[in-house]
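The values are calculated or read from the model by the stated rules, or taken from the named source; none is laboratory data. None of the values given here were measured: they were computed from a predicted structure. Cβ sites come from the backbone with ideal geometry, for glycine too, and all protein chains shown count toward neighbours.
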Amino acid sequence: MKWQGRRGSSNIEDRRRRGGTRKVGGIGGIAGVLILLAGLYFGVDTSQFVDLGSSDVQSSQSTEVTPADERAAQFVSVTLADTEEVWADVFARQVGEPYQAPTLVLFKGQTRSACGGASAATGPFYCPPERKAFLDTEFFTTLENRLGARGDFAAAYVVAHEVAHHVQNELGILGQVNQLRAQMSEADSNAMSVRVELQADCFAGIWARGAQQKFGSLEQGDVAEAMNAAAQIGDDTLQRNAGQRVQPHTFTHGTSEQRQRWFRRGLESGNLADCDTFSTNRL
């Protein structure tokens, strides 16, 4: 992916050098730890489901920001700037309304959000009330070394996916879905979550198409990197790699095949209407 020397976004809130927070108390034992680890793999803030049962104490220690962290931050800034321009164009042509870009919070270690605690264990996530995406730049190391999703464009796919949740929020989709999920059984709520996440993958594909058309930033192998990332974080693949039996009723993001297919659909189409995962019987 060609990104060096290009414009970065001003919508970055950098919390990496602040003294972080540490917890006093427990998080619900082993069950809580497993939930937070699941967040790391599924790329969602799961801390809201864990009873932290603790208070936050401000740490006086500053966080070390390495050269690798700085490179990751620059990369995220450029990628976010690309999403801003691409989605502004898409909204102008297909929605008829201006696009209001989100803020992306960079942190290292842990921080707080209106959706709960954020740490390396939660993975990247989007918080609708704040209209902010949260990302620990260390996640890119996890993505490459632990999940086997290598390359700049794999990382860009992660950023684009979280921004896609903001697009869903701007379009009023997240609010409607959350109202429905509050009235559903756990299994039905999970199934609705899958549709949300697959649509975000499709929207990420729309961004990739727009980035190539607008900036010519894609290089040979970039789409393959994004497709591999989508495959590595499919629910079925994650469960198998964790030595678990595949349990479709617990899926919250979709299978590897589904995530790849919906990303490619957005990439090939470029149309929001073609990313309607809520009206189809074939996900």
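Structure above, values below:
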{"item": "Selection from the stretch 213-235 of residues that are among the polar types (S, T, N, Q), farther than 20 Å from Arg259 by Cβ and part of a helix (DSSP H, G or I)", "result": "Gln213"}
{"item": "Among the candidates Phe107, Phe42, residue that is touching a Gly at 6+ places or on another chain (Cβ under 8 Å), of a type outside the set (D, E, K, R) and either modelled with pLDDT under 50 or over 20 Å from His166 (Cα atoms) (or both)", "result": "Phe42"}
{"item": "Residues satisfying the stated conditions in the stretch 258-280, i.e. surrounded by 15 or more Cβ atoms within 10 Å (Cβ to Cβ) and free of Cβ contacts under 8 Å to residues at least 12 places away in the same chain", "result": "Arg261"}
{"item": "Residue within the stretch 95-114 that is assigned to a helix (DSSP H, G or I) and under 24 Å from Arg195 (Cα atoms) present", "result": "yes"}
{"item": "Ser77 vs. criteria touching a Gly at 6+ places or on another chain (Cβ under 8 Å), in contact (Cβ under 8 Å) with a residue 60 or more places away in the chain and surrounded by 20 or more Cβ atoms within 10 Å (Cβ to Cβ)", "result": "yes"}
{"item": "Filter result for Arg131 (farther than 19 Å from Ala208 by Cα and touching a His at 6+ places or on another chain (Cβ under 9 Å))", "result": "yes"}
{"item": "Qualifying residue in the stretch 177-195 (condition: without any contact (Cβ under 8 Å) to a residue 40 or more places away in the chain, surrounded by fewer than 20 Cβ atoms within 10 Å (Cβ to Cβ), within 29 Å of Pro98 (Cβ to Cβ) and small (Gly, Ala, Ser))", "result": "no"}
{"item": "Selection count, the stretch 116-153, where residues are more than 14 Å from the chain's Cα centre (by Cα), within 25 Å of Gly172 (Cα to Cα) and modelled with pLDDT under 90", "result": "2"}
